[in-house]
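In what follows, a single structure is set out as structure tokens and then discussed.
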């Protein structure tokens, strides 16, 4: 079965810097990969989806890359702000017929002013 | 964007009682909803897939008689934790897609269940 590793449980950076989060997966290459933001005591919120034939995708200060050879996605937040502090989850399709996702444990980002 | 409403946000109950959690899609129809459980500092774990008008599909290790799922309409799915025990204390989250071809999930705000 597919496994996801977000190898940094926590990341602390200074405001204004670029945060880079890593997501690695094993086994089969997914058709797409997603990133979600989760605040404490809340449900995840969708941020970006990148497909297997896309190398990079951007949305405002967010950038996601997808390397199917390395089986890795990088998630960047440029010009980080304290409001960006949250847990960021990587998600992949499980491969089942119902279309559900499997999630990594997440990386808790703290942006210090 | 699509909105998924989940209630209650938190609930405290005595051991042995049952708790019902509701998940509603407010501005779209959801033929399929997913129920996840999340323990502190852990990833979301899929418990079951709820299909409108049919039986839910449970993941391996999830007791269907303990976690009853009812998807009676295209906008409402409920999860009932029966005879709750302290080990059932967790954060339960529902999610749905706004369309069969839309890959992203919209999540409810979650329900924190504490069983005393």
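The values are calculated or read from the model by the stated rules, or taken from the named source; none is laboratory data. Treat the numbers as computed from the prediction; the structure is a model and nothing was measured. Please note: Cβ atoms are built from the backbone with ideal geometry, for glycine as well, and neighbour counts cover all protein chains shown.
Checking residue B:70 against (1) in a loop (DSSP other than H, G, I, E, B); (2) under 13 Å from the mean Cα position of the chain (by Cα); (3) away from chain A (no Cβ under 12 Å): exactly one of these is not met. Which one?
Every condition holds for residue B:70 apart from (1).
Out of all the residues in region A:88-100, is one or more in a strand (DSSP E or B) and within 19 Å of residue A:16 (Cα to Cα)?
Checked against the condition, which is being in a strand (DSSP E or B) and within 19 Å of residue A:16 (Cα to Cα), region A:88-100 yields at least one hit.
What about residue A:37, is it within 15 Å of the chain's Cα centre (by Cα) and within 14 Å of chain B (Cβ to nearest Cβ)?
yes
I'd like to verify a number: residues in region B:85-116 that are touching a strand residue (DSSP E or B) at 6+ places or on another chain (Cβ under 7 Å) and within 13 Å of chain A (Cβ to nearest Cβ), how many?
21
Exactly one of (1) crowded, with 16+ Cβ neighbours inside 10 Å; (2) over 25 Å from residue B:95 (Cα atoms); (3) within 14 Å of the chain's Cα centre (by Cα) is unmet by residue A:111. Its number?
(3)
With A:43, A:16 as the choices, which residue is assigned to a loop (DSSP other than H, G, I, E, B) and either surrounded by 16 or more Cβ atoms within 10 Å (Cβ to Cβ) or within 10 Å of chain B (Cβ to nearest Cβ) (or both)?
A:43
Quick one: which of A:77, A:50 is surrounded by 14 or more Cβ atoms within 10 Å (Cβ to Cβ) and in contact with a helix residue (DSSP H, G or I) (Cβ under 8 Å, 6 or more places away or on another chain)?
A:77
Scan region B:1-30 for residues that are surrounded by fewer than 16 Cβ atoms within 10 Å (Cβ to Cβ), part of a loop (DSSP other than H, G, I, E, B) and over 14 Å from the mean Cα position of the chain (by Cα) and jot them down.
Scanning region B:1-30 gives B:1, B:3, B:14, B:15, B:16, B:17, B:18, B:26, B:27, B:29.
Please indicate, with yes or no, whether at least one residue in region B:68-78 is within 27 Å of residue A:4 (Cα to Cα) and touching a residue at least 12 places away in the same chain (Cβ under 8 Å).
no
Note down all Cβ pairs under 8 Å where the first residue falls in region A:66-83 and is on the phi > 0 side of the Ramachandran plot, the second is in a strand (DSSP E or B), and they're at least six residues apart or on different chains.
What qualifies is A:71/A:24; A:71/A:25.
Does any residue in region A:87-101 that is farther than 15 Å from residue A:25 by Cβ and at the interface with chain B (Cβ under 9 Å from one of its Cβ atoms) come within less than 6 Å, Cβ to Cβ, of a residue that is surrounded by fewer than 23 Cβ atoms within 10 Å (Cβ to Cβ) and at pLDDT below 90 six or more places away or on a different chain, and which pairs are these?
Note: pairs meeting the criteria are A:100/A:94.
Filter region B:73-84 down to residues that are in a strand (DSSP E or B) and within 20 Å of residue B:2 (Cα to Cα) and give me whichever is nearest to the other protein chains (Cβ to nearest Cβ).
Step by step, filter region B:73-84, then rank; the result is B:77.
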